[in-house]
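S.K.: Here it is, the structure in full.
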Amino acid sequence: EKGQSVSAIYFSTKQGDGWSSPKPLTSVNLNGYNSKQPFCSADGKYIYFSADHPGGAGKFDIWYAPLNNDGTAGNPVNAGAIINTPGDEHAPFYQNSSSTLIYSSNGLSGMGGYDLFSVEGNELKWGTPENMGHPVNSSRDDIYFFAQEGTTLLSNAMVSSDRGSGCC
């Protein structure tokens, strides 16, 4: 329906042995636009997400917002032109222990449709994104990444890809 978010981010708070009813994270959801693929930093300070909000570099961009103690978030900030392109950026993951943001992009030079890129830095200053190369990336779409805090990024990582058994 026009004027409403197609995809939106919600939050719940722990209450005893259960959870509260989900509530929209209103500061990061804009009517008529999409907010999706949230990732909360391990230190609880930021939520990173992908959105097609106005003020971005292209289609979907990486955005972040400070997290409040009550589970709400502050005003979202576009991660900037170093990270975002005129194409699509998705599925942000931030590892505090290495100060590294991993995200997927089809707007940077890569091996396939979507590739995973890593960039060191933080919300104040980012380095230069680097394609994570083979075997992390393939000629297909490689989008989601996860690694535990306190480990090297590729020592025991999980990657989501549509490469299938006959690819690459």
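S.K.: In segment 141-153, which residues are within 16 Å of S104 (Cα to Cα), open to solvent by 40 Å² or more (accessible area, probe 1.4 Å) and in a loop (DSSP other than H, G, I, E, B)?
M.R.: D141
S.K.: Separate question: Restricting the search to segment 41-53, which residues are more than 18 Å from W126 (Cα to Cα), in contact (Cβ under 8 Å) with a residue 24 or more places away in the chain and not charged (D, E, K, R)?
M.R.: Selection gives A42, A51, H53.
S.K.: Looking at segment 78-86, can you tell me whether even one residue there is more than 29 Å from R163 (Cβ to Cβ) and open to solvent by 40 Å² or more (accessible area, probe 1.4 Å)?
M.R.: yes
S.K.: Just one of the numbered conditions (1) among the aliphatic types (A, V, I, L, M); (2) open to solvent by less than 40 Å² (accessible area, probe 1.4 Å); (3) touching a residue at least 60 places away in the same chain (Cβ under 8 Å) is not true of I9; which one?
M.R.: (3)
S.K.: Which members of segment 54-66 meet the condition of being at pLDDT 95 or above and open to solvent by less than 40 Å² (accessible area, probe 1.4 Å)?
M.R.: Answer for segment 54-66, where residues must be at pLDDT 95 or above and open to solvent by less than 40 Å² (accessible area, probe 1.4 Å): F60, D61, I62, W63, Y64, A65.
S.K.: Then there is this: How many of the residues in segment 154-163 are open to solvent by 60 Å² or more (accessible area, probe 1.4 Å) and either touching a strand residue (DSSP E or B) at 6+ places or on another chain (Cβ under 9 Å) or not in a loop (DSSP other than H, G, I, E, B) (or both)?
M.R.: Count: 3.
S.K.: Those residues that are free of Cβ contacts under 8 Å to residues at least 40 places away in the same chain and open to solvent by 50 Å² or more (accessible area, probe 1.4 Å), I need them from segment 67-77; list them, please.
M.R.: Hits for segment 67-77 are N68, N69.
Condition check ((1) touching a Cys at 6+ places or on another chain (Cβ under 9 Å); (2) over 18 Å from D61 (Cβ atoms); (3) open to solvent by 50 Å² or more (accessible area, probe 1.4 Å)) across all residues:
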| site | (1), (2), (3) |
| --- | --- |
| D115 | no, no, no |
| V119 | no, no, no |
| T128 | no, no, yes |
| H134 | yes, yes, yes |
| S139 | yes, yes, yes |
| S165 | no, yes, yes |
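The values are calculated or read from the model by the stated rules, or taken from the named source; none is laboratory data. Being a predicted model, the structure only gives us computed values, none of them experimental. Glycine gets a Cβ as well: all are built from the backbone with ideal geometry, and neighbour counts include every protein chain shown. SASA here: full protein model, heavy atoms, side chains in, ligands and nucleic acids out. Shrake-Rupley method; radii C 1.70, N 1.55, O 1.52, S 1.80 Å.
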